[in-house]
Amino acid sequence: MFKLVKRPEPSRQMVLVSPLLALLLTLLAGIILFLFMGVSPTEALYAFFVEPLTSLYGWAELGVKATPLVLIAVTLSVGFRAGIWNIGAEGQLTLGGICGGAVALLFYEVESVWVIPLMVLAGIAGGMFWAAIPAFLRTRFNANEILTSLMLTYVAGLLLSLLVHGVMRDPDGYNFPESRLFSDSALLPIILEGTRLHVGWLMALAVVVAAWIMMARTLIGFEVKVLGQAPAAGRYAGFSQRNIIWFSLLLSGGAAGLAGMIEVSGPIGQVLPTISPGYGFTAIIVAFVGRLHPVGVLLAGLLLALSYLGGESAQISLNLPLAVTGVFQGMLLFFLLACDVLIHYQIVRKTGPVSAIADQDTTQATTNTATESK
Amino acid sequence: MTRTFPGVIANQDVDLTIHAGEIHALLGENGAGKSTLVKMIYGILAPDSGQIDWQGNTVSIPNPAFARELGVAMVFQHFSLFDSLSVLENIALGMDSKVNRAELKSRILEISSRYGLPLDPDRHVYTLSVGERQRIEIIRCLLQEPKLLIMDEPTSVLTPQEVSRLFETLRRLSEEGLAILYISHKLDEIKALCHRATILRNGKRVDVADVNDESTSSLAAMMMGETLETTTPRIGNQAGELRLSVKNLSLEAADEFGIPLKNINLDVHCGEIVGIAGVAGNGQDELLMALSGESVSTQSDSLFIDGKACGQLGPNKRRALGVAAIPEQRLGHGAVPEMSLVDNTFLTAFQRLGLVGGGFIKNSVTRQFTEKVIENFNVKSNGSKAFASSLSGGNLQKFIVGREILQNPGLLIVSQPTWGVDAGAAQTIHKALRDLADRGAAVLIISQDLDELMAGTDRIGAICAGELSDIYDTAALSIEEVGLLMAGSALDEKSLATGGLNNV
């Protein structure tokens with residue numbers, strides 16, 4: 001028999017090995033899944049993970065998909081490290097898209113280099129506004145931000161739908177629920193000729209670097225880490241939980257808003273009833289697979305972006321349903337959380353009749369027996 | 001008996017014999033291996049090697065239920081009682097077999113009167129004092145009619161009066177033939193109560209002594225393996241200007257488990273050490289947080305530092321005025337467990353030492369200061385990058401005390417400075433606190449350790465249920481009188497007339 005035994009101290013090696021192990025298990029489970037569906041696993045995995053990267057265009061698409069994921073996940077992980085759980089990035093992204101898109105449509109006739117910066121500001125402001133609602137409810141009424149931010153996502157989706165069916169609808173669009181195509185000055189410049197890779201990718205990289213410096217070297221990053229790990233020590237140091245709630249929600253809300261603006265102004269080029277295939281939710285997976293570290297998040301963002309591309313490619317070449325993408329993403333998070341147990345525990349062969357209690361740390365043993373003696 | 005944990009040998013070939021009717025002390029410092037040994041006897045831990053003989057037969061004790069069946073009972077340091085249930089219900093829940101309520105009640109009453117353990121079976125636990133709660137645990141054990149009773153540091157939560165009452169009960173039990181294994185590191189208690197003592201040091205048995213043949217100092221020498229400097233009481237310290245003045249400070253409890261502070265009045269002067277005694281859970285944490293600024297008052301004029309009203313200022317504004325605080329809980333409150341010592345230095349020092357420039361952390365300055373703390377206070381660690389959680393209790397406390405003292409505070413408030421700390425580290429800490437006061441700082445020690453307060457303070461008071469007693473000259477009070485203060489009763493002024501009563 002095997003059993004789990006608590007390690008004397010958390011394994012640092014496992015922190016890095018765990019995501020790779022999770023990826024491996026995801027692939028194995030994928031093979032089983034494809035066998036059940038009657039598809040050749042080698043072909044399917046090739047279509048899923050290799051084919052998208054066989055051309056320069058594919059690599060550029062990887063950047064396009066990774067941009068919103070990385071932007072959002074990097075800032076979400078700041079909040080997660082502080083213990084603030086913003087689950088509503090999808091809604092904040094939607095608001096960013098609405099506000100950025102509104103600026104683009106408002107200045108439809110204007111040809112100016114200032115349209116894009118204005119859209120950026122509007123997008124960030126929209127996302128921040130949407131994240132400010134859970135922040136206010138949490139700090140004022142102690143309402144759980146997980147629930148409020150998540151529920152606001154559905155409100156945002158309906159708001160977008162309302163606008164696209166109403167004031168934002170293209171007047172010459174035969175009543176289709178979509179806006180006019182943006183004019184050229186409202187479209188993000190392309191940085192790689194012949195592809196769709198736009199300056200948003202550079203913004204995402206800049207945010208990664210900024211977040212890295214912030215978490216490693218600045219007072220605010222320190223406050224985030226302390227309040228997340230030991231709230232009492234944070235109060236002792238004089239850090240304000242309230243400020244950090246506002247800071248991390250506005251930061252991730254702003255970044256999600258920017259991502260939404262980038263989506264409408266980059267790959268989409270207009271406002272549609274749906275502007276994201278769930279980037280805001282997938283970013284949560286990205287943040288955890290990336291170990292809440294900016295560099296890890298960058299790599300994880302690329303991996304999850306590949307799962308989007310792979311899903312499309314598998315759909316085209318093997319007629320697989322697009323839902324396979326979601327299944328892969330879900331399995332990756334599931335296996336990651338399972339593998340993370342190995343950071344604090346190790347698997348050993350069970351030898352002798354030593355009781356399970358005996359191997360836990362001593363304080364726990366006391367508590368256990370105290371309860372047991374009842 | 002031998003038992004190892006990853007990285008440490010907790011017990012190495014330890015022998016222990018106890019006879020019927022004997023009160024046997026298990027003596028040793030924190031970390032000497034007392035708990036490990038007892039847990040093996042009570043079946044919580046399995047030994048790596050060794051054997052247990054019970055009334056002449058070799059037994060193996062796989063779990064506590066079996067230990068109880070044999071006749072081994074244990075009173076833990078931390079009680080496991082349900083606050084919302086009555087005494088009777090709590091005891092009924094703890095029985096291994098089903099019992100008739102009325103019968104149980106009469107047995108409880110019988111035991112409580114026979115052994116001088118007054119207890120009303122129908123009272124709810126939340127209405128009882130700590131001493132009364134301990135009685136429940138003892139009665140619960142006695143109901144099993146044990147042959148060996150193990151008591152783990154039973155007096156750490158009791159006032160001196162409650163301690164002497166407990167001792168009477170234990171003596172009566174031993175006269176009836178019960179063997180008692182009494183775990184403690186308090187030498188006076190062992191001298192007063194026990195017949196023989198087994199002394200553990202670093203996981204090994206160093207000696208078995210007949211307590212009557214030994215003095216407290218010879219027991220101490222065996223326990224610590226070295227003779228300690230005896231501390232001289234502080235006499236004749238000239239208190240300087242008023243530094244901290246608390247006036248009618250009241251604070252609501254932060255949650256339902258907290259203790260509200262009621263009308264606290266307290267003055268601490270430059271150059272003096274003031275002590276606040278009290279049984280755990282009487283508002284010590286709340287008082288420390290109210291003084292450090294972690295909880296702020298609504299009244300600005302409830303607290304003055306050097307004459308400046310600062311009841312509404314947070315921790316860092318108070319630090320700027322020279323306040324440093326050391327909370328009772330080290331990991332998670334005084335230090336972040338999974339952060340390096342450098343980060344943990346920055347935690348409280350960034351304000352006074354200017355370790356932030358333009359929002360950025362000045363890493364090299366912080367590291368230099370951390371290394372200074374480690375060196376000056378002889379902190380044993382794997383360097384300044386070691387996690388706080390990797391340090392032993394004593395070393396972490398030396399680090400935290402050093403971190404605050406080297407910032408040169410004008411007022412230091414410290415809670416339980418030597419709780420769970422080995423004697424060597426305790427001595428370092430006590431000396432550092434004295435030196436700080438001698439340099440002109442005001443020092444306030446909140447502690448459950450009466451010996452520490454009687455030896456190391458100029459004035460003393462006690463906190464009980466969130467109310468602070470008057471503060472008296474330490475030299476004028478006996479330990480029993482401090483015990484009365486801890487129990488919340490006021491002292492009779494006349495009985496103190498001989499001592500230089502200084503009721504500020």
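The values are calculated or read from the model by the stated rules, or taken from the named source; none is laboratory data. Treat the numbers as computed from the prediction; the structure is a model and nothing was measured. Methodologically, a virtual Cβ is constructed for each residue, glycine included, from the backbone with ideal geometry; neighbour enumeration extends over all protein chains shown. Please note that ligands, DNA and RNA were not included when accessible areas were found on the heavy atoms of the full protein model with its side chains. Shrake-Rupley method; radii C 1.70, N 1.55, O 1.52, S 1.80 Å.
A few remarks follow.
- Any hit, segment B:82-94, residues being modelled with pLDDT of 90 or more, outside any helix (DSSP H, G or I) and not hydroxyl-bearing (Ser, Thr, Tyr): no
- Single condition A:LEU137 does not satisfy, out of (1) touching a Ser or Thr at 6+ places or on another chain (Cβ under 6 Å); (2) open to solvent by less than 20 Å² (accessible area, probe 1.4 Å); (3) outside any loop (DSSP other than H, G, I, E, B): (2)
- B:ASN382, sole failed condition from (1) closer than 24 Å to B:GLY322 by Cβ; (2) modelled with pLDDT under 90: (1)
- Enumeration of residues in segment B:181-218 that are outside any strand (DSSP E or B) and touching a strand residue (DSSP E or B) at 6+ places or on another chain (Cβ under 7 Å): B:HIS185, B:ILE190, B:LEU193, B:CYS194, B:HIS195, B:GLY203, B:VAL211
- Meets criteria (among the aromatic types (Phe, Trp, Tyr), in contact with a Cys (Cβ under 9 Å, 6 or more places away or on another chain) and part of a helix (DSSP H, G or I)) for A:PHE129: yes
For (1) open to solvent by 10 Å² or more (accessible area, probe 1.4 Å); (2) in contact with a helix residue (DSSP H, G or I) (Cβ under 8 Å, 6 or more places away or on another chain); (3) assigned by TED's automatic domain parsing to the domain that holds B:ALA441; (4) hydrophobic (A, V, I, L, M, F, W, C), each residue gets a yes or a no:
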| site | (1), (2), (3), (4) |
| --- | --- |
| B:LEU251 | yes, yes, yes, yes |
| B:PRO260 | yes, yes, yes, no |
| B:ASN263 | yes, no, yes, no |
| B:ASP267 | yes, no, yes, no |
| B:CYS270 | yes, no, yes, yes |
| B:ALA277 | no, yes, yes, yes |
| B:LEU287 | no, no, yes, yes |
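- Given (1) assigned to a helix (DSSP H, G or I); (2) open to solvent by less than 20 Å² (accessible area, probe 1.4 Å); (3) of a type in the set (S, T, N, Q), index of the condition A:ASN243 fails: (2)
- If only residues of segment B:314-338 that are of a type in the set (A, V, I, L, M, F, W, C) and surrounded by fewer than 21 Cβ atoms within 10 Å (Cβ to Cβ) are counted, the one that is farthest from the other protein chains (Cβ to nearest Cβ) is B:LEU321.
- Filter result for the condition that a residue is in contact with a Cys (Cβ under 6 Å, 6 or more places away or on another chain) and either acidic (Asp, Glu) or in a loop (DSSP other than H, G, I, E, B) (or both), over B:GLY311, B:GLY240: B:GLY240
- Any chance A:SER179 is among the polar types (S, T, N, Q), crowded, with 21+ Cβ neighbours inside 10 Å and part of a helix (DSSP H, G or I): no
- Where helices (runs of 4 or more DSSP H) sit wholly within segment A:318-374, those with at least 1 residues that are open to solvent by 50 Å² or more (accessible area, probe 1.4 Å), at the interface with chain B (Cβ under 9 Å from one of its Cβ atoms) and at pLDDT below 80 occupy A:362-372.
- Residue in segment A:88-104 that is farther than 26 Å from A:GLY310 by Cβ, open to solvent by 30 Å² or more (accessible area, probe 1.4 Å) and part of a helix (DSSP H, G or I) present: yes
- Residue ID - farthest from B:MET95 (Cα to Cα), chosen from residues in segment B:144-158 that are open to solvent by 10 Å² or more (accessible area, probe 1.4 Å) and outside any helix (DSSP H, G or I): B:LEU158
- Selected residue [open to solvent by less than 80 Å² (accessible area, probe 1.4 Å), within 23 Å of B:THR216 (Cα to Cα) and more than 26 Å from the chain's Cα centre (by Cα)] from B:LEU70, B:LEU16, B:LEU27, B:LEU88: B:LEU16
- Residues that are within 24 Å of the chain's Cα centre (by Cα) and not aliphatic (A, V, I, L, M) within segment A:14-36 comprise A:SER18, A:PRO19, A:THR26, A:GLY30, listed in sequence order.
- Tallying residues that are within 14 Å of chain A (Cβ to nearest Cβ), open to solvent by less than 70 Å² (accessible area, probe 1.4 Å) and on the phi > 0 side of the Ramachandran plot within segment B:347-383 yields 2.
- B:ASP343 being more than 10 Å from chain A (Cβ to nearest Cβ) and assigned to a helix (DSSP H, G or I): no
- A:ALA216 being in contact (Cβ under 8 Å) with a residue 60 or more places away in the chain, of a type outside the set (S, T, N, Q), surrounded by 14 or more Cβ atoms within 10 Å (Cβ to Cβ) and within 15 Å of A:VAL74 (Cβ to Cβ): no
- Segment A:33-58 - residue that is without any contact (Cβ under 8 Å) to a residue 12 or more places away in the chain and among the hydrophobic types (A, V, I, L, M, F, W, C) and, of those, least open to solvent (accessible area, probe 1.4 Å): A:PHE34
- Unmet criterion (only one of (1) touching a Phe, Trp or Tyr at 6+ places or on another chain (Cβ under 9 Å); (2) assigned to a loop (DSSP other than H, G, I, E, B)) for A:TRP85: (1)
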